[in-house]
């Protein structure tokens, strides 16, 4: 749903906006999700929302891998300690080869661990930026809705006032007609009497 309006200038938000209002990730905020209970998300918001979700998945994947390789590193370090005597005191060549394999694995794990640490270190910034992008898009669509709602409220206020005026006119007309009927009825009651009026009522109003 493209926005039928354009902001005069591009509005920017800083990270402090989120911190001051104690707002975490928007997609995890129940209040944010409720904003779209009756408002369709734009494609841009859906893309931005998906970007945040993907970043969270990436963060979870990296954290899980970090734990896995830490466990693998402990395993290879323990194997090296276990194989030391066999390899050097007993001259077991197979033990030496396994030790070399574990050393290579530890080097590989250390390199990967450093890369993961760097990626996880960047993740808070990437999440904040994606969150701010989503906030900006949200402000645009939600404030357009507010502006549209206010315009409709003004129209409804006008219609309500017109209806009230019409209602007052109807009430006045009803009162005038009822008073006319009462005056006429009273006059003919005095003029013709109650019995004749009952006959007329039965004839004209089908009263029984």
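A few notes on this one:
- Helices in the chain, meaning DSSP H runs of at least 4 residues, each add -39500 (n - 2.57). Divided by all residues, the mean residue ellipticity at 222 nm is -29000 deg cm²/dmol.
- Footprinting exposure proxy for 138, 84 (fewest neighbouring C-beta atoms within 10 Å first): 84, 138
- Globularity index of segment 102-208, i.e. its alpha-carbon radius of gyration over 2.2 N^0.38 Å: 3.14
- Inter-label distance for residue 110 and residue 203, nm, one decimal - labels placed 7 Å from Cα along Cα-to-Cβ: 12.1 nm
- Remark: C-alpha extents of segment 34-83 on the principal axes read 66, 18, 6 Å, sorted largest to smallest.
- Between 194, 175, 121, the Gaussian network model of the chain with springs among Cα atoms under 10 angstrom shows the greatest mean-square fluctuation at 194.
- Helix 93-192 and the long axis of the chain differ in direction by around 0°, with both axes built from C-alpha atoms.
- Nearest 10 degrees, 0 to 90: helix 43-84 Cα axis against the chain principal axis: 30 degrees
- Shape analysis of the chain based on the Cα gyration tensor places the equivalent ellipsoid semi-axes at 88, 22, 11 Å, largest first.
- Cα-Cα P(r), segment 70-153, percent of pairs per 10 Å interval: 15, 22, 15, 12, 11, 10, 8, 5, 2, 0
- Over all pairs of different C-alpha atoms, segment 160-208 has a mean inverse distance whose reciprocal, the Kirkwood radius, equals 12.7 Å.
Read-outs: derived from the displayed coordinates by stated rules, not from any lab. Bear in mind the structure is a predicted one, so any value in this text is a computation, not a measurement. Neighbour counts run over all protein chains shown; Cβ positions are idealised from the backbone, glycine included.
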